[in-house]
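Data block below; observations after.
None of the figures in this text is laboratory data; all of them are computed from the coordinates on show. None of the values given here were measured: they were computed from a predicted structure. No Cβ is skipped: glycine too gets one built from the backbone with ideal geometry, and neighbour counts run over all protein chains shown.
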Amino acid sequence: MDKIKLHFILCILFVYFFFNDRIVLILNTGGKGILNIFDFIILLLALYLVLLSNGKILGILKSNIFLYLVPFFILSLILPLLGVLFYEYPIRSLLIVLNPLISTGLILIGFYFYKKYRQYSILNNYLLLFTFLQLFFSLAHFLYYKGILTNLFYRLINFDVFSKQINSYQYLIGRSTGTYLDPNILGFFTLMIFWYSFFMMKGRLRLVMLMMNTIILFLSMSRGAILSLTMSYILYFLFKTFNSKKISYRELFIFFIFSVALIIIIPNLDKFISETTIERLRGLYEIFIYGYSADVNLAARVDAWKYSFHFLNEYPLGTFGSPEIKIESFIDNEYVRIFMQGGLLFLLSYLLFLFKGIFLRKKVSNINLTIALISISILVVSITQTASTYTPFNFYWFFVGLYLAESYNNDHNL
């Protein structure tokens with residue numbers, strides 16, 4: 001019976017992360033009129049596990065670690081309400097108050113999963129299947145847009161286009177997105193699973209997962225995710241070297257090979273892959289050499305960030321609701337978006353839990369390193385993406401639940 005419950009939990013999580021962006025309920029409420037129905041399934045699963053444990057898993061909400069998350073969650077609940085009350089946001093905008101509830105639910109699910117079953121092998125198998133399917137969908141996109149095997153992937157691409165049109169035509173940009181709507185979301189997904197695989201898996205499984213995620217990352221052509229993975233790996237290497245007081249030659253060799261490969265390949269990409277891919281990676285290369293103005297896309301984003309700050313005169317405490325609605329433009333910077341919505345206090349609450357994730361004390365297992373490296377990756381990628389609005393960001397909360405469960409088993413303070 002316990003094994004059935006275990007697979008039941010993992011199947012629901014699998015379906016949520018796989019289909020949440022694609023299978024939605026269309027409502028005639030104005031605006032986009034989109035409701036992510038799988039969000040409610042997560043809330044129901046969390047409630048079911050609370051009842052199943054007779055409320056015992058709620059004890060982690062009093063833990064020291066969870067307290068670092070509370071300010072961000074509370075502000076995420078209150079600010080949309082203030083937006084409706086004071087700045088005439090539509091009632092439908094209150095749906096975003098579900099986000100902190102879903103985050104808390106996933107922490108509880110992760111906590112229950114490890115506290116009850118105390119194993120990662122089955123979870124790793126589900127993640128292997130999940131990553132393989134993301135790779136399959138990403139390759140299907142790539143081959144179809146290259147004009148290869150178009151008849152084979154015709155129905156799949158039709159569903160892809162249909163589900164993207166329901167959300168927004170902006171997602172039809174001809175890059176690999178996996179089962180997500182945007183290639184940047186797919187790239188962000190690889191950051192989550194890459195670092196989990198790096199620390200939590202072993203042997204061939206680890207190697208296969210790292211290879212698949214690297215391929216998916218480059219198929220997504222998310223420059224923010226590529227930069228984030230590179231920067232977080234550099235910091236990990238420096239941390240490990242400093243902590244052990246000796247050079248980690250294996251990590252140094254891996255990074256050296258990776259750097260040399262990039263230096264050789266990027267200027268000659270036209271010999272290997274498509275023109276769009278060449279332009280994007282060369283753009284990233286030129287940003288390092290000449291600054292952000294060398295890339296038209298990034299320069300436009302920076303202009304949008306500067307433009308958004310003009311609204312501070314009208315909204316000195318923040319817009320409370322989604323700032324994109326008032327600005328009528330995408331911000332594409334998590335720090336600017338959060339600051340525009342809730343001011344300095346909201347921004348500090350976001351940084352608080354990420355820096356706490358980075359500086360988790362060593363204990364129990366590699367799950368703390370997983371959270372630390374993911375936190376670093378989020379800090380970097382947030383410069384050009386609104387990461388906390390992505391479905392894969394919720395992997396972070398699930399992993400926090402795993403960490404709390406391991407700590408709870410060995411730390412009487414929790």
- Inter-probe distance in nm under a simple model that places probes 7 Å from Cα toward Cβ, at His310 and Ile157: 4.1
- Extending each Cα 7 Å along its Cβ direction at Lys202 and Leu61, get the distance between those two points in nm, one decimal. 3.7
- Query: For region 175-183, what does the Karplus curve 6.51 cos²θ - 1.76 cosθ + 1.60, with θ = phi - 60°, yield as ³J(HN,Hα) per residue in whole Hz, taken in order and with x for Gly and Pro?
  - Reply: 10, 5, 10, x, 8, 9, 8, 10, x
- Query: How do Lys240, Lys356, Lys62 line up, fewest other C-beta atoms within 10 Å first?
  - Reply: Lys62, Lys240, Lys356
- Note on the structure: Residues whose built amide H sits under 5 Å from the amide H of Ile34, excluding neighbours closer than 5 in sequence, are Leu27
- Note on the structure: Phi-derived 3J(HN,Hα) across region 188-202 with the Karplus relation (6.51, -1.76, 1.60, θ = phi - 60°), rounded Hz, x for Gly and Pro, is 5, 4, 5, 4, 4, 6, 4, 6, 4, 5, 4, 9, 9, 10, 9
- Message: Taking the number of other C-beta atoms within 10 Å as the exposure measure, put Tyr154, Tyr87 in order starting with the fewest.
- Response: Tyr154, Tyr87
- Task: Report the charge-dipole magnitude of region 326-395 in Debye, nearest 20, computed about the Cα centre from +1 at each Lys and Arg Cβ and -1 at each Asp and Glu Cβ.
- Result: 420
- Query: Can you sort Val336, Val70, Val381 so the residue with the fewest Cβ neighbours within 10 Å comes first?
  - Reply: Val70, Val336, Val381
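Compute, for region 22-143, the length of the dipole vector about the Cα centre, with Cβ point charges of +1 (Lys, Arg) and -1 (Asp, Glu) only. Units Debye, rounded to 20. Mind showing how you got there, number by number?
Working: 8 positive and 2 negative charges, 77 e Å.
The dipole magnitude comes to about 360 debye.
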- Note on the structure: Checked against the positive end of the charge dipole of region 1-110 (+1 on Cβ of Lys and Arg, -1 on Cβ of Asp and Glu, about the Cα centre), the farthest of His7, Leu77, Leu61 is His7
- Query: For labels at Asn366 and Leu344 in the simple 7 Å Cα→Cβ model, what's the distance in nm?
  - Reply: 4.1
